1. Select from the stretch 172-230 the residues that are of a type in the set (D, E, K, R), touching a helix residue (DSSP H, G or I) at 6+ places or on another chain (Cβ under 8 Å) and within 16 Å of ligand 2 (Cβ to nearest atom) and write down the one among them that is farthest from Tyr240 (Cα to Cα).
2. With respect to Phe178, is the statement that it is more than 27 Å from Asp275 (Cβ to Cβ), away from ligand 1 (no atom under 16 Å from the Cβ) and assigned to a loop (DSSP other than H, G, I, E, B) true?
3. Could you tell me whether any residue of the stretch 242-265 is under 17 Å from Pro325 (Cα atoms), under 15 Å from the mean Cα position of the chain (by Cα) and either touching a residue at least 12 places away in the same chain (Cβ under 8 Å) or within 15 Å of ligand 2 (Cβ to nearest atom) (or both)?
4. When the stretch 194-233 is examined, which residues are found to be part of a helix (DSSP H, G or I), under 20 Å from the mean Cα position of the chain (by Cα) and either surrounded by fewer than 20 Cβ atoms within 10 Å (Cβ to Cβ) or at pLDDT below 95 (or both)?
5. Test of understanding: among Asn331, Asn280, which residue is over 21 Å from Lys186 (Cβ atoms) and crowded, with 18+ Cβ neighbours inside 10 Å?
6. Looking at the stretch 31-90 only, could you name the residues that are within 16 Å of Trp116 (Cα to Cα) and more than 15 Å from ligand 1 (Cβ to nearest atom)?
7. Please verify whether Ser2 is loosely packed, with under 11 Cβ neighbours inside 10 Å, without any contact (Cβ under 8 Å) to a residue 12 or more places away in the chain and of a type in the set (Gly, Ala, Ser), treating the condition exactly as stated.
8. Of the conditions (1) away from ligand 2 (no atom under 16 Å from the Cβ); (2) at pLDDT below 95, Tyr279 clears all except one; give me its number.
Amino acid sequence: MSSIIRQDMSTKDWTIFSVKRAQRPHDYKGSKKKKKILEKYEPSCPFCKGNESMTPEEILAINGGKDWSVRVVPNKFPAVEYIKGSPEGSERRHISGPYLAIDGIGHHEVIIESPWHNDNIVRMDTTHVEKIVRAYRQRFIDISSDHQNQLVIIFKNHGKRAGTSLDHPHSQIVATPFVPGYIRNKMFEAQRYYDDFGNCVYCDIIKHELEDASRLVYDNDKYLAIAPYASVVPYNIVIYPKKHQSCFAETTKDELMDLASVLRTVLKKLYDLLDDPDYNFVIDSSPVDQSGNRHYHWHLEILPRLSTRAGFEIGSGMNINSIFPETCAENLRNQK
Ligand SMILES: [Zn+2]
Ligand SMILES: [Zn+2]
């Protein structure tokens with residue numbers, strides 16, 4: 001058999017594994033592209049310490065004042081924009097013949113992860129990474145409290161192939177006034193599993209992965225990181241809280257250090273093994289108004305950009321992966 005097709009039990013999505021030969025880590029290394037050498041300070045960068053006046057007004061700063069360590073500002077070129085007193089509900093929906101459009105109102109913010117232009121999560125102390133995830137949590141909770149926001153997405157684009165336009169380390173938060181189909185489908189499948197089996201599908205995955213351990217990359221007291229059974233791309237990693245939590249806002253303050261530790265450890269392993277690959281990560285959480293439910297379980301998904309989505313993937317919504325997650329997990333476990 002030249003390939004095997006695996007199903008993700010949480011989404012019912014399929015991935016084709018077409019693994020021709022033993023894949024070695026250097027087959028996936030990001031080193032083919034030339035990396036820019038960055039300075040600690042870049043005069044034209046709006047996110048650098050000293051250039052604070054180049055950004056819109058600050059929303060949040062951890063260790064505020066001139067010696068801030070993490071800063072949150074509105075995105076200067078927002079995909080959706082917060083407008084005070086904007087129309088709500090049906091007023092912001094526009095019908096044009098058979099077509100529907102909604103005003104692009106929401107939130108789009110940037111989390112500046114460090115004062116230093118050439119910084120990287122993998123080189124930060126865990127205490128600094130804790131400040132980043134603390135800012136994520138704070139903004140997630142604040143933005144969620146606005147009843148106009150249905151879905152809050154936190155994400156990071158690292159490197160050109162991941163779609164970043166600024167080198168300064170940063171992540172983003174976008175809140176939308178409705179739940180898009182992709183998330184609706186994930187929620188639906190999780191609900192169906194709960195109805196059939198009486199358990200959260202993610203809790204069942206976590207229990208199995210901790211027992212089986214072949215796809216386990218790293219775990220600590222409160223979180224685990226695995227290469228999922230039906231990984232959609234090479235070195236796809238998902239971080240889950242071990243305890244059932246449907247919404248990222250349910251994360252408690254005393255869990256943030258463990259979250260920072262698992263995130264930093266996994267990104268460092270990827271950095272060292274694959275020579276600083278481009279990647280996206282995204283926090284996938286229950287929509288705001290469904291917080292506290294029993295069937296969904298928030299997670300942070302890391303998708304390295306080592307392969308390109310081509311015609312088949314676009315046409316089918318299904319991925320072809322050239323390496324098994326068991327191999328990826330073993331390579332990452334061995335990467336100290
Ligand atoms: Zn900068
Ligand atoms: Zn769960």
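1. Glu189
2. Answer is yes for this residue.
3. There is no residue in the stretch 242-265 that is under 17 Å from Pro325 (Cα atoms), under 15 Å from the mean Cα position of the chain (by Cα) and either touching a residue at least 12 places away in the same chain (Cβ under 8 Å) or within 15 Å of ligand 2 (Cβ to nearest atom) (or both).
4. Cys203
5. Asn331
6. Of everything in the stretch 31-90, those that are within 16 Å of Trp116 (Cα to Cα) and more than 15 Å from ligand 1 (Cβ to nearest atom) turn out to be Ala61, Ile62, Asn63, Gly64, Gly65, Lys66, Asp67, Val72.
7. no
8. So the condition that Tyr279 fails would be (2).
The values are calculated or read from the model by the stated rules, or taken from the named source; none is laboratory data. Small disclaimer: the values here were computed from a predicted structure and weren't measured. Here the Cβ is made from the backbone with ideal geometry for all residues, glycine too, and neighbour counts use every protein chain on show.
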